[in-house]
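A.B. asks: I am attaching a structure below and will ask some questions about it afterwards.
Laboratory data are not the source of any read-out in this text; all were calculated from the coordinates shown. Everything quoted here is computed from the prediction, not taken from an experiment. Heads up, the Cβs are rebuilt from the backbone with ideal geometry, glycines too, and the neighbour counts pull from every protein chain shown.
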Amino acid sequence: GWKVSMKSGSLSYILPCNRLPVQLMSQVRVYTSNGQKKDLGSQDTNGSARGETLHKVETGQDTTNAGQKQSSPKQPIQVKVKPVLKKREYGPKYTQNNFITGVRAINEFCLKSSDLDQLRKIKRRSPHDDTETFTVYLRSDVEAKSLEVWGSPEALARERKRRKEAEIKYRENLFRNQRLLWEYKEFFGNTKPRSSTAAMFFKGPGKVVMVAICINGLNFFFKLLAWVYTGSASMFSEAIHSLADTCNQALLALGISQSARTPDPSHPYGFTNMRYIASLISGVGIFMMGAGLSWYHGIIGLLHPHPVESLLWAYCILAGSLVSEGATLLVAINEIRRSARAKGLSFYQYVVQSRDPSTNVVLLEDAAAVLSVAVAATCMGLTSLTGNPYYDSVGSLGVGTLLGTVSAFLIYTNTEALLGRSIEPEQLQRLTEFLESDPVVRAIHDVKATDMGMSKVRFKAEVDFDGRVVTRSYLEKQDIEQLLQEIQQVKTLEELEAFMLKHGENIVDTLGAEVDRLEKDLKQRNPDVRHVDLEIL
């Protein structure tokens, strides 16, 4: 009992030991997914006074100091192996389960509507507000049908190429086709009712713009006659001012008519911003045409003064211009007050925020016209009293400065609107609180609400949905007893997979229906919100 023998390779060592060795043995087994096991061997550990010595065990028995051998019973190790569903590799492009609409199937795969009658039809939730469901087809079925019709992928590719060339040729001859359609309309007669675009000029901002065009056109004609008769620089500035107003308001009318166009694939959100673009160009036109020419004529009058003729007719024309411009100004003020009251805004807020750019341009132009008439009349009066033509030239510079200020304000406000500014914080807070108060929503993140102009708001948010509420909403529409029977019939992994795939897809559809419901409620409670994008977080 004083010595312990240990083999290491081909050498033997005799080690003195004062304590009996203690040997522990354990077997390590590795289980694979197919149920096989591999024995990796056993491991021993001996404790001694000087350290621990590793023993290689071959028989699975312990060795004592007396040389006696005692059998060590092997304890079975129970390992519970969890079955795992084999991961399915879909590859970089997988379209077997994709749905496709009938229009896309006909256009992209060169099919006829009769070819789709033989395919499986699937009813899905519609993404459009005017319909609840619409019919789609499996893309794999459509691809197989196209190969059946055309025989091979090469023949289908040739047909696509031929149709593409025909489409390009049609677009090249589009102008000629439109001319033929116009001739047919003239020949058969146009039985369509009056378009909504024409009706826009009989009410609201369109009416204000048309009244301003008529009045400013007449003012330009009479002011031009007065300048030719008197040679006054101030009267020339007033004539140029009226001409600039007439041209700019004609541009506003064009912007109003273009903004009424229906959205198309190239402009899915419509043409509302055409009013702001027209107002921006109008502001630039006032600056270049009105302010520029007034400054130029005023500077020329200071450098080369000349006597002014009788100003009696000029005073009469200015008085008539003051009355007409004042009438147009009152029409614009009344329209802005009515619109601001409907939006719950003050008069100043409505003008500064450029809610209606067309009416704003008319308001500012007519206000500048009334002030410029007063400036021109004052400077012309000083010139007639003192006989000094410099006062008249100074009046021209004053009118130019007033027009430059108006144009700068129009350029700034319309540029801010075109850049896509956010809505008021109070309105944004109301929209956010409405979404957060819904039980299906846990949290709202990354909220963006952009004013698209003309009382149209685009709302976007990342929504964290409550999966339990969505699932409960799905279960409330199911037969629970039948669902319980389906669960009890599940015995194998394949049946479990089929059960989960079926109800998992239905729960995802329920989540999509909840998103549609939130978007619809948001639009109904806030009429300004026209486009809603709720992204699932």
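A.B. asks: Multiplying the sequence separation of Lys121 and Thr450 by 0.36 nm and subtracting their Cα-Cα distance, what value in nm do you get?
C.D. replies: Length difference between fully extended and current span is 114.5 nm.
A.B. asks: Taking the alpha-carbon centroid of each part, what is the distance from the range 213-237 to the range 458-524 in angstrom?
C.D. replies: Going from one Cα centre to the other spans 73 Å.
A.B. asks: Across the range 233-249, in residue order, what do the Karplus-derived ³J(HN,Hα) couplings come to in whole Hz, using 6.51 cos²θ - 1.76 cosθ + 1.60 with θ = phi - 60° and x for Gly and Pro?
C.D. replies: So the J values, rounded to whole Hz, are 5, 5, 5, 4, 4, 5, 5, 5, 4, 5, 5, 5, 5, 5, 5, 5, 6.
A.B. asks: Of Lys460/Lys502; Lys123/Lys523; Lys207/Lys343, which sit over 28 Å apart, Cα to Cα?
C.D. replies: Lys460/Lys502
A.B. asks: Further question: Report the gain in length on full extension from Leu418 to Gln524: 0.36 nm times residue separation, minus Cα-Cα distance, nm rounded to one decimal.
C.D. replies: 35.6 nm
A.B. asks: Label points 7 Å out from Cα along the Cβ direction at Cys214 and Ala319: separation in nm?
C.D. replies: About 2.4 nm, to one decimal.
A.B. asks: Still on this structure, I have one more. Whose amide H sits under 5 Å from the amide H of Val529, counting only residues 5 or more places off or on another chain, with H placed in the peptide plane?
C.D. replies: Sorted by chain and number, the residues that satisfy this are Val457.
A.B. asks: For the range 198-419, give the magnitude of the charge dipole about the Cα centre (Cβ charges: +1 Lys/Arg, -1 Asp/Glu; no others), in debye to the nearest 20.
C.D. replies: 680
A.B. asks: Using the scaling law 2.2 N^0.38 Å as the reference, what is the normalised Cα Rg of the range 99-173?
C.D. replies: 1.27
A.B. asks: Which shape class, rounded, prolate or oblate, goes with the range 198-419 when its Cα gyration tensor gives a ≥ b ≥ c as root eigenvalues, a/c under 1.5 marks rounded, and past that a/b bigger than b/c marks prolate?
C.D. replies: Prolate shape, in that a/c is at least 1.5 and a/b is the bigger ratio.
A.B. asks: Something else now. About the Cα centre of the range 480-537, how large is the charge dipole given +1 on each Lys and Arg Cβ and -1 on each Asp and Glu Cβ? Please answer in debye to the nearest 20.
C.D. replies: 280
A.B. asks: When the chain is fully extended, how far beyond the present Cα-Cα distance does Val508 get from Phe134, taking 0.36 nm per residue of separation?
C.D. replies: Result: 132.9 nm gained on full extension.
A.B. asks: Considering only DSSP beta bridges whose two residues both sit in the range 425-536, what percent are antiparallel, to the nearest 5?
C.D. replies: Antiparallel: roughly 55 percent of the beta bridges in the range 425-536.
A.B. asks: From the residues Pro127, Ala166, Ser114, which one has its Cα farthest along the dipole of the range 99-173 in the positive direction, the dipole being from +1 and -1 charges on Cβ of Lys/Arg and Asp/Glu about the Cα centre?
C.D. replies: Ala166
A.B. asks: Among 106-117, 201-212, how do they line up by average Cβ neighbours within 10 Å per residue, starting with the highest?
C.D. replies: Peptide ranking by packing, descending: 201-212, 106-117.
A.B. asks: Lys/Arg Cβ at +1, Asp/Glu Cβ at -1, dipole of the range 198-419 taken about the Cα centre: which of Ile281, Thr415, Leu371 is farthest positive-ward?
C.D. replies: Thr415
A.B. asks: Evaluate E = 1/(1 + (r/R0)^6) for Glu89 and Ala342, where r is the Cβ-Cβ distance and R0 equals 56 Å; express this FRET efficiency to the nearest 0.05.
C.D. replies: 0.40
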